[in-house]
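Below is one structure, written out as structure tokens; comments come after it.
The values are calculated or read from the model by the stated rules, or taken from the named source; none is laboratory data. No experiment lies behind these values; they were computed from the predicted model shown. So basically every Cβ, Gly included, is an ideal-geometry build from the backbone, and we count neighbours across all protein chains shown. In case anyone asks, the SASA skips ligands and DNA or RNA and just uses the protein heavy atoms, side chains included. Shrake-Rupley method; radii C 1.70, N 1.55, O 1.52, S 1.80 Å.
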Amino acid sequence: MSRIGKNPITIPEGVTVDVKDGMVTVKGKLGELTQEFSDIDIKIEDGIITFERFSDKKDQKAKHGLYRALVNNMIEGVSKGWTKQLELVGVGYRASNQGNKLDLAIGYSHNIVFELAPEVTVETVSDKGKNPIVKLTSYDKQLVGQVASKIRSFRAPEPYKGKGIKFVGEQLRRKAGKSA
């Protein structure tokens, strides 16, 4: 049995969960998310969601824990929200935002202007003497992760000096330079 799939989920205050025709809909104060599911039985009783599979086939075992994790992320997202922070490491690297447009100066001949999805809010923090930080916030964990990964791909950190866009707290694998 899946260890993650066996764990029940308690529905917090202010969140509603509906299961109909292979679709799970989660509504909360921050937004609404839907997810398709198959081969798994989802039951809601007394504010607790349980997940059961019909057999011990390999694909059903895999989906058991997957759908439990997805629904848990949806519930946590519409109640609390998800945040990713990116740090710009490099001399002259700057970030600013106007609404949902992110303007990055990261060492190219031109600035990169990145239009964000309306579900994602962006905030830039530029303190003197510290690297600029870009904070992405949304109720959809998959979307905020995808947007953060796309921004990181504009200038991935290089292994020698560590320059580039990295996640806050990310440990980079560094290489030694030339040996004289």
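Give the residues of the stretch 103-130 that are farther than 25 Å from Q171 by Cβ and hydrophobic (A, V, I, L, M, F, W, C), sorted by residue number.
Answer for the stretch 103-130, where residues must be farther than 25 Å from Q171 by Cβ and hydrophobic (A, V, I, L, M, F, W, C): A105, I112, V113, F114, L116, A117, V120.
I want to confirm something. Restricting to the stretch 43-68 and keeping residues that are closer than 20 Å to T16 by Cβ, under 24 Å from the mean Cα position of the chain (by Cα) and among the hydrophobic types (A, V, I, L, M, F, W, C), which single residue is surrounded by the fewest Cβ atoms within 10 Å (Cβ to Cβ)?
Applying the filter and picking the extreme gives I49.
Residues checked against (1) modelled with pLDDT under 95; (2) over 30 Å from I75 (Cβ atoms); (3) open to solvent by less than 80 Å² (accessible area, probe 1.4 Å); (4) among the acidic types (D, E):
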| position | (1), (2), (3), (4) |
| --- | --- |
| N100 | yes, no, yes, no |
| H110 | no, yes, no, no |
| D127 | yes, yes, no, yes |
| T137 | no, no, yes, no |
| Q142 | no, no, no, no |
| K150 | no, no, no, no |
| F154 | no, yes, yes, no |
| F167 | no, no, yes, no |
| R173 | yes, yes, no, no |
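Could you say which residue among G81, G129 is on the phi > 0 side of the Ramachandran plot and touching a Ser or Thr at 6+ places or on another chain (Cβ under 9 Å)?
Every option except G81 fails the conditions.
Would you list the strands (runs of 3 or more DSSP E) that sit entirely within the stretch 24-128 and hold 3 or more residues that are farther than 17 Å from L143 by Cα?
Qualifying strands (runs of 3 or more DSSP E): 40-45, 48-53, 82-89, 94-98, 101-105.
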